[in-house]
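Before any comments, here is the structure.
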Amino acid sequence: MDIHTQIKNLLYNKRLHLITGKGGVGKSVISLSLALTLKRRKKRVLFAQMSPVESDRVANIEAFEQFRHQLPYLDYIYIEPGSALEEYAMMILKFKRLYRLIFEDRMVRSSIRAMPSLSFLLLIGKLWYYCTKKKSNGDYVYDYVVVDAPSTGMAISMLNLPHIINDAAPPGLLRDRALDIERMLTDSETTSVHIATTCEETPVNEAIQLYEFIGKRLSIQMGLFFVNQYEYFSSSDRDYIEANRAKLPEFIHNCIIKRMREIEYKYREYERLVSHISPQDRRIINIPLFENRFDTYSIVKDISRYMEGFVEQQDQ
């Protein structure tokens, strides 16, 4: 299977898409853009954002809520440990009063907050619920679930947790649920983990770390690399600028040279990223730098159209 066919398959034929990467690289925007791309296929799509810390709202959620009314056809959920714990506990305890007696006790809640692994399990357990939820006719409620997952370190802990629990926990309800979650994550027909990055040193380092961890430690289908704000300065561009140098004021020429060096630096980081990816895994979508960088909704639409156009162009 060639790279383009792999990209198309990983975008359109998987139900659960987890997007992670270093914070600040546009992960949330790329996640939402992917959700819109899939929605245009006339499918039922759930876009999920999550945070393992109750008070730590996803950075881009406020920007998303500003234009959420323009996306009424896209289902949305924000997952955090408190509400996930309440829903899970109610499934077991059945009675709200009993839940309050146990889990709204100050010491109990403090103890729960001190166990980050429980938060991760609650988050991914909620995802499992939505991914496996079915209609009365047996079809899944959602054709696609697109997740703006936690950033690198937390994502690694979250994805690895079900495996750790299955190895260490005694038989019981916790282990059974962890096994269900691990089956979902490791099902190559269901799940893909995508990595978002920019062409800068630290984001590239974390992208490489994620790629190596997923490949060596987890049995999860590695998806795509979304390289955000990709820029490339060709040799012909450089030759053109040098040929017309005499026509430019000195300060403008200096600004152009400075910008060229910035782009060349980013391209070296891009090459370093590619060199760490096995040839068979080089499923990369380079997302250009769009002009409307301060208008989140416009950027989301531009990136979504670009993703769709990228796949269609390769088909031709």
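Read-outs throughout are calculated quantities, based only on the coordinates presented, and are distinct from any laboratory measurement. All values reported here derive from a predicted model rather than from experimental measurement. Note: ideal-geometry Cβ built from the backbone for every residue, glycine included; neighbour counts use all protein chains shown.
Calculate, in nm to one decimal, what Thr202 and Arg40 gain on full extension: separation in residues at 0.36 nm each, minus their alpha carbon distance. Let's see the in-between values first.
Numbers: separation 162, 0.36 × 162 = 58.32 nm, distance 3.37 nm.
Extra length available between Thr202 and Arg40 comes to 54.9 nm.
Within 10 Å of each residue's Cβ, count the other Cβ atoms and sort Leu18, Leu289 from fewest upward. Before the final figure, lay out the partial values.
Numbers: Leu18 27, Leu289 12.
Neighbour counts put them in this order, fewest first: Leu289, Leu18.
What is the set of long-range amide H partners of Ile79 at a cut-off below 5 Å, with H atoms built 1.01 Å from backbone N?
Under 5 Å from the amide H of Ile79 lie the amide H atoms of Gln49, Met50, Ser51, each far enough along the sequence or on another chain.
Counting other C-beta atoms within 10 Å, which of Met222, Met307 has the fewest, and how do the rest follow?
Numbers: Met222 20, Met307 23.
Ordered by Cβ neighbours within 10 Å, fewest first: Met222, Met307.
Taking amide H atoms as placed 1.01 Å from N in the peptide plane, list the residues 5 or more away in sequence, or in a different chain, whose amide H sits under 5 Å from that of Ala196.
Thr20, Gly21, Phe226
Given Lys42/Lys266; Lys39/Lys135; Lys266/Lys301, which pairs have Cα atoms separated by over 30 Å? Walk me through the intermediate numbers first.
Details: Lys42/Lys266 37 Å; Lys39/Lys135 19 Å; Lys266/Lys301 25 Å.
Flagged as over cut-off: Lys42/Lys266.
Calculate, for Gln313 and Glu262, the FRET efficiency according to 1/(1 + (r/R0)^6) with r their C-beta to C-beta distance and R0 35 Å; round to the nearest 0.05.
On the way: r = 28 Å, r/R0 = 0.79.
Taking R0 as 35 Å, the efficiency between Gln313 and Glu262 is 0.80.
Once you have the Cα-Cα distance between Leu248 and Ser157, take 0.36 nm times their residue separation minus that, and quote the gain in nm to one decimal.
27.5 nm
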